[in-house]
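Asker: The structure that follows is given in the form of structure tokens.
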Amino acid sequence: MIRFGHLDIDFDDRVLTPRTWTVRQSEWAAKLAAELPEGPMLELCSGAGQIGLLAAALTGRRLVCVDADPVACAFARANAERAGLAHLVQVREGSMEHALDPDERYWLVIADPPWVPTAQVERYPEDPRTAIDGGADGMLVAEMCLATTARHLSPGGAAVLQLGTTGQADGLLEMVEGSDLTIEEVQDSPGEGVLVHIARAPWPSMSEPAVGYRMA
């Protein structure tokens, strides 16, 4: 178990070891949420759930966690229960493509994809390979998260995506070129990782509701 912000997060060696520096991702998401209409949040690649759960605790917003690993989903559910957040949190096991309905929209998306290049995964022996291997350049799953964000982020909404390097963030900038998604800010924690704020252009009226908490 690890202390993550004010939450106790349980995990074991079958899932990604929570990095305490990523408390900043939860806090940044909460700060952005304060400027957005009421509505649910979405967390992609949620792992044991620590980042999204802390954001939910800080905002009081409902949260949908998505992860393909059944063990990670079990930890996320247990950690939500332990934190007294189970009434706000829904954990969905499955791929991003299949865990979300096409018409679901969220004001805020949080994503922590595997971002370690395949050739460097041996640097993190404490973590299962599937939790950290991001493909040849570390961007394989991040690109999937970006595509999912593009499908499900409400106009005027925001996302906070975690990457490993500023070079990867530069690659993200190329991916959003020509779309209505923009890179608003990049925060670098040298030696740890990078956080990227992505925004979607608003409609003339932001009264359009986010609908994103179907019951399983």
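Asker: Against the empirical 2.2 N^0.38 Å scaling, what ratio does the C-alpha Rg of segment 113-194 come to?
Answerer: That ratio works out to 1.12.
Asker: Once you keep just the Cα pairs under 8 angstrom separated by 6 or more residues, what percentage relative contact order results for the chain? Before the final figure, lay out each step's value.
Answerer: Numbers: 457 pairs, mean separation 43.5, N = 216.
Result for the chain is 20 percent.
Asker: What are the residues whose amide H is under 5 Å from the amide H of GLU104, where those residues sit 5 or more places off or on another chain and H is modelled from the backbone?
Answerer: It is none; the list stays empty.
Asker: Suppose only helical runs count, i.e. DSSP H with n ≥ 4. What mean residue ellipticity at 222 nm does that imply for the chain under -39500 (n - 2.57) per run, divided by all residues and rounded to the nearest 500 deg cm²/dmol? Intermediate values should be presented prior to the final figure.
Answerer: Details: 7 runs with 66 residues, N = 216.
That comes out to -9000 deg cm²/dmol.
Asker: Apply the Karplus curve 6.51 cos²θ - 1.76 cosθ + 1.60, θ = phi - 60°, to the phi angles in segment 119-133 and return the couplings in whole Hz, x for Gly and Pro.
Answerer: Listing the rounded values in order: 5, 10, 5, 5, 5, 10, x, 6, 10, x, 4, 5, 7, 10, 6 Hz.
We did not get these values from a lab; they are worked out from the coordinates using the rules stated. Fair warning: this is a prediction, and the values are worked out from it, not measured in the lab.
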